[in-house]
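Asks: Below are the structure tokens for one structure; questions will follow.
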Amino acid sequence: MNISTELRVAILMGLFCCLALTASCTLDMRDQPRYESLEASAFFTDGAAARPRVADTVARGQLQLDDHLYLGRVDGQPAATFPFTVTLAVLVRGQERYDIFCTPCHGLVGDGQGVVTEYGMPVPVSFHDADLRAEPPGSYFTIITNGTRVMPGYAARIRPADRWAIIAYIRALQLSQNANAAQLSADELPQLEQTDTITN
């Protein structure tokens, strides 16, 4: 069955009109009555549409009651201990995070000879400095969290458990560069002598 050209045009025009009418329709849900951010309101006595947070409420995931873990403090002082047992897995995680976030400035062995020093950035104090070796882990946690001088704070980029893992790895670096050979066992001494022979 053949449809005439005039009929085709009429059908197309009708479809076009239907589409145009449909497009011009709006749904009431699209434009609901609501207040924009910081908009005034006559409903509340303080004149603000936004309501203050209910007292003593905590956002999901932000109930951080453990000051040792989340603040690096015990009884208001920098923690002298770690909030969990340092295992090999913690050290491996700490090395990974250290290599990502710390190596550019502090160097692979923590001596402050990171790549940024080649571009004019100040040389950080070596982690092997006697004063830094004497600092408690909680002091390192505070510095990683909040930053100091040129160093930015990493609270938004490194979660608390990873900050502690980095500190554990820094302690391992400090031990590696400042170990007392007299504390090694009879089994470990030959390995140290072998290492000295290879490096020399």
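Here, each number is a calculation from the coordinates, and none is a lab measurement. Computed from a predicted structure; not experimentally measured. Cβ coordinates were reconstructed from backbone atoms using ideal geometry, including for glycine residues, and neighbour counts include every protein chain displayed.
Asks: Show the residues, 5+ positions off or on another chain, whose built amide H is closer than 5 Å to the amide H of Arg73.
Replies: Residues meeting the amide H criterion: His68, Ala79.
Asks: Counting Lys and Arg as +1 and Asp and Glu as -1, what is the net charge of the other residues whose Cβ lies under 12 Å from the Cβ of Tyr154? Don't jump to the answer; show the numbers that get you there.
Replies: Numbers: positive: Arg97, Arg157, Arg159, Arg163; negative: Asp162.
Summing Lys/Arg as +1 and Asp/Glu as -1 gives +3.
Asks: Then there's this: I want the local charge near His128. Using Cβ-Cβ distances under 15 Å, sum +1 for each Lys or Arg and -1 for each Asp or Glu among the other residues. Walk me through the numbers before you get to the answer.
Replies: Details: positive: Arg133, Arg171; negative: Asp111, Asp129, Asp131, Glu135.
Summing Lys/Arg as +1 and Asp/Glu as -1 gives -2.
Asks: May I ask you to sort Ile11, Ile170 by Cβ crowding, counting other Cβ atoms within 10 Å and putting the fewest first?
Replies: Ordered from fewest to most neighbouring Cβ atoms within 10 Å, Ile11, Ile170 come out as Ile11, Ile170.
Asks: Still on this structure, please answer the following. Go ahead and run the numbers for FRET between Gln77 and Ala49, Cβ-Cβ distance against an R0 of 45 Å, rounding to 0.05. Spell out each step's value before the answer.
Replies: Numbers: r = 44 Å, r/R0 = 0.98.
Plugging the Cβ-Cβ distance into 1/(1 + (r/R0)^6) gives 0.55.
Asks: Can you tell me which of 121-127, 86-92, 138-144 comes out highest on packing, and rank the rest after it, using the mean Cβ neighbours within 10 Å?
Replies: Numbers: 121-127: 16.1, 86-92: 13.3, 138-144: 21.9.
Those peptides, ordered most packed to least, come out 138-144, 121-127, 86-92.
Asks: Continuing with this model, one more query. Assigning unit charges at the beta carbon (Lys, Arg +1; Asp, Glu -1) and nothing else, what dipole magnitude in debye, to the nearest 20, does the stretch 47-200 show about its Cα centre?
Replies: I would put it at about 980 debye.
Asks: I've got another one for you. Gaussian network model of the chain, Cα springs within a sub-10 Å range: biggest mean-square fluctuation belongs to which of Ala42, Ala182, Ala79?
Replies: Ala42
Asks: With r defined as the distance between the Cβ atoms of Asp129 and Gln62 and R0 fixed at 45 Å, what FRET efficiency is calculated, to the nearest 0.05?
Replies: It comes to 0.80.
Asks: Quick one: length gained pulling Val115 to Cys18 fully straight, 0.36 nm per residue minus the C-alpha distance? Intermediate results must be reported in sequence, preceding the final value.
Replies: Working: separation 97, 0.36 × 97 = 34.92 nm, distance 6.67 nm.
Answer, rounded to one decimal: 28.2 nm.
Asks: Pull out the extension gain between Arg159 and Ser185, defined as 0.36 nm times the separation in residues minus the alpha carbon to alpha carbon distance; nm, one decimal.
Replies: 5.7 nm
Asks: Where does helix 137-146 land angle-wise versus the long Cα axis of the chain, in degrees 0 to 90, nearest 10?
Replies: 30
Asks: Next up: Out of (i) 13.7; (ii) 29.2; (iii) 10.2, which label holds the value of mean projected area of the Cα convex hull in nm² that was computed here?
Replies: The calculated read-out lines up with (ii).
Asks: List the residues, sorted by chain then number, that are 5 or more residues from Tyr154 or on another chain and whose placed amide H is less than 5 Å from its amide H.
Replies: Result for Tyr154 returns Thr145, Asn146, Gly147.
Asks: A follow-up question, please. Pairing the Cα long axis of helix 5-24 with the longest principal axis of the chain, what angle in degrees results, from 0 to 90 and rounded to the nearest 10?
Replies: 60
Asks: Right, here's the next one. When the label point is put 7 Å from the Cα of Asn146 along its Cα-to-beta-carbon vector, which residues of the stretch 51-75 have a backbone N closer than 20 Å?
Replies: 64-75
Asks: With 10 angstrom as the radius, rank Met13, Met151 by how many other C-beta atoms surround their C-beta, starting from the fewest.
Replies: So the ranking, lowest neighbour count to highest, is Met13, Met151.
Asks: In degrees, nearest 10, range 0 to 90: what is the angle between the Cα axis of helix 160-178 and the longest Cα principal axis of the chain?
Replies: For 160-178 against the chain, the angle is about 30 degrees.
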